[in-house]
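Heads up, the thing below is written out as structure tokens.
The values are calculated or read from the model by the stated rules, or taken from the named source; none is laboratory data. Given the structure is predicted, the values throughout are model-derived calculations rather than measurements. For neighbour counting, all protein chains shown are included, and Cβ atoms are generated from backbone atoms with ideal geometry for every residue, glycine included.
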Amino acid sequence: MRYHIMYSSKGDNRSVYIASSYRNEDGQSRKSIVRRCGNLKKLLAVDPQALEKIKDEVRLLNENAAGEDIRKRLLSNETIEADIIRAAKDGIMLKGEKPCLRGLGMVVLDRLWNELNLPYKLSYLKKDSDIEFDFEEVVRQLCLGRILAPWSKAKTCRLAPVSYLGAKEENLAHYYNCLDLLSKNKDSVIKYLNKKLLEKNPRRDTRVCLYDITTYAFESVEADSLREFGYSKDKKFNEVQVVMALAADKDGLPISYNLYRGNQGESPTMIPFIEELKKTYGVENLIVVADKGLNNTANIHCLLELSNSYVLSSKNRNASKEIKEAALDPTGRVERVVADGNGVLSKAWFKEVTLETKVSYKYPDFAYENSNPQEKKKLEDKLKPYTTKYGNKRKKGTIKRRFIITFSEKRFIKDRIDRQRLIKKAERLVANPSNFSAELKKGGKSLVSVDIDKESLAVNYERISEQELFDGMHVIETSLNDPAEKVLDIYKGLWHIESNFRVLKSQLEGRPVYVRTENHIRGHFLCCYISLVLSRLLEYKLRKRETPIPIGKIVESLNGLRTTKIKLDRLPAIYATTGISEEIKQICAALEMTVPEDYETAASLRKKLALREGLGSYFQKALFRVSIDL
């Protein structure tokens with residue numbers, strides 16, 4: 001089939017048509033009108049380039065028609081197809097030429113980037129700066145590249161343009177300049193992201209706030225205003241670090257984050273963070289869900305005084321006498337059967353205990369991301385601590401505490417296995433006191449002088465027996481009046497925040513951090529946060545379609561989706577795409593985009609991928625030259 005321009009008559013008043021020529025089943029030549037463009041004189045009066053544009057349209061139609069015919073022929077040519085697949089897998093390129101193979105992962109993720117309208121926001125930020133380069137493009141490459149290939153800034157600058165379709169060559173200095181501007185606009189960017197997420201999902205529930213803290217190490221021992229030695233969640237005690245607090249909604253979509261100096265304790269961060277969220281998003285009450293590291297009297301009492309609710313994990317070992325006695329008393333237990341992720345059933349029970357306790361505690365020295373005396377004073381005015389005669393600030397009050405004690409057969413088995421491992425280690429230390437002495441020489445313990453008497457070392461089997469009584473049990477404390485089953489379901493959502501940290505650290509490789517200045521560090525973490533939002537949004541879309549794919553598999557599939565250019569004798573080039581897996585089809589469906597074909601023309605592929613520029617700007621030379629008998 002060929003396309004061409006037809007005119008209705010000669011003269012100034014003629015009309016223009018796009019027509020096609022083809023042969024019918026009997027081999028007879030036929031023509032048909034594809035589109036009536038209108039009166040030529042009127043078209044030219046509106047747009048002097050109207051006829052040229054119609055000719056361009058005809059040219060594209062002919063390219064697509066030829067490409068579809070070639071595609072069918074190529075699909076029947078097993079040798080050519082095998083060569084293309086082999087080249088796609090091995091990254092083969094012609095000698096002396098730049099790589100001609102390009103990953104399509106970045107242009108697929110562009111759907112999310114554009115859905116949140118990040119180009120608009122980043123272009124707006126650029127207006128108030130002295131940046132002259134394409135700020136949005138560099139941030140895009142930093143964030144999308146962080147998902148697909150979390151390289152260093154220098155490596156991303158060098159390899160992204162030759163690895164991914166849609167990535168441009170940029171100056172490395174531009175990458176670092178971007179981090180400076182991002183650092184200054186962190187709160188504005190996060191607020192904008194939440195606004196867009198709410199527009200896309202008006203039912204988004206941010207009243208449930210999953211909250212947790214983690215640490216990020218630097219391969220450095222140089223402390224400064226942000227980096228400092230502190231308790232490392234990753235056991236990297238010989239490196240400086242920063243502390244990150246992260247909040248997410250019940251679906252795991254991030255809400256916000258803060259960075260603190262590396263020696264900041266986790267407990268004093270929670271109350272200011274929660275109040276900041278309420279103020280920013282106009283929420284009067286939040287249900288804070290957190291683990292036992294953030295469960296203390298000060299946080300609980302302050303949450304309640306500030307009209308918040310909570311669901312917190314509680315320390316089993318340090319539980320009160322009343323809780324321990326209630327846990328061992330079978331009276332009041334609600335028996336049930338639960339299924340794990342694989343559908344395996346096991347026995348479980350829960351039991352509720354309510355206590356009213358008087359509390360008295362030292363007023364916390366609350367931590368803020370940036371030193372903010374005014375906000376600190378406002379919070380103090382709300383909480384109204386009293387000052388003792390010694391000048392210390394304290395608070396006191398009464399708390400009605402509701403505990404839900406749970407038991408799981410699966411957790412019971414895990415606790416027993418973990419304890420047996422510890423018992424064996426303890427027995428080895430007792431049998432060889434020199435090993436015990438070596439344990440005491442690690443870290444700060446090496447500065448303490450202790451005399452080890454071989455005869456005094458013994459495994460405390462009595463304590464082991466006491467601990468075994470509580471195997472399989474877990475205590476949750478809450479201020480909610482909802483049924484216990486609903487409270488337990490809310491608490492189960494905490495795995496989302498733990499998963500977010502794993503994605504940030506492992507999949508997005510947020511650590512170790514290689515940038516050094518404070519602004520670059522803060523800008524780096526904002527890029528990681530944007531990447532996390534995009535990753536979680538894609539996972540959420542897939543779950544909503546009941547086709548869940550974990551982020552690791554998503555990235556693997558996107559990196560496997562690649563295309564290359566094939567030059568055909570006497571005809572326009574065609575593009576061969578490999579890695580069109582079932583996961584890619586599900587991802588494209590979730591993003592409402594058309595799945596690329598195995599072979600198609602430049603115009604067709606560009607339209608499907610919504611490319612900003614023509615394919616020719618990414619492919620200098622063809623990977624293959626194919627001669628095909630047409």
Could you list, in sequence order, all residues of segment 609-630 that are at pLDDT 80 or above and either of a type in the set (G, A, S) or over 15 Å from G103 (Cα atoms) (or both)?
A610
The conditions are (1) among the polar types (S, T, N, Q); (2) free of Cβ contacts under 8 Å to residues at least 60 places away in the same chain; (3) under 25 Å from A290 (Cβ atoms), and T517 fails exactly one of them. Which is it?
(3)
When residues of segment 28-48 are limited to those that are part of a strand (DSSP E or B) and touching a Leu at 6+ places or on another chain (Cβ under 9 Å), the one surrounded by the most Cβ atoms within 10 Å (Cβ to Cβ)
C37
Within the group L355, L379, which residue is touching an Asp or Glu at 6+ places or on another chain (Cβ under 8 Å) and over 28 Å from L469 (Cβ atoms)?
L379
Name every residue in segment 510-521 that is out of contact with any helix residue (DSSP H, G or I) (no Cβ under 7 Å at 6 or more places or on another chain) and outside any helix (DSSP H, G or I), in order of residue number.
P512, Y514, R516, T517
Suppose we keep only residues that are within 16 Å of A245 (Cα to Cα) and hydrophobic (A, V, I, L, M, F, W, C) within segment 276-311. Which one would you say is surrounded by the most Cβ atoms within 10 Å (Cβ to Cβ)?
V289
State the number of residues belonging to segment 488-523 that are of a type in the set (S, T, Y) and either buried (at least 19 other Cβ atoms within 10 Å of the Cβ) or more than 27 Å from D251 (Cβ to Cβ) (or both).
3
For residues that are touching a strand residue (DSSP E or B) at 6+ places or on another chain (Cβ under 9 Å) and part of a helix (DSSP H, G or I), tally how many sit in segment 117-160.
4
Strands (runs of 3 or more DSSP E) within segment 333-414 that include 1 or more residues under 17 Å from H301 (Cβ atoms):
345-362, 393-408
Only residues that are touching a helix residue (DSSP H, G or I) at 6+ places or on another chain (Cβ under 8 Å), over 15 Å from K126 (Cβ atoms), of a type outside the set (A, V, I, L, M, F, W, C) and surrounded by fewer than 22 Cβ atoms within 10 Å (Cβ to Cβ): list them for segment 159-186, please.
K168, E169, N171, Y176, K186
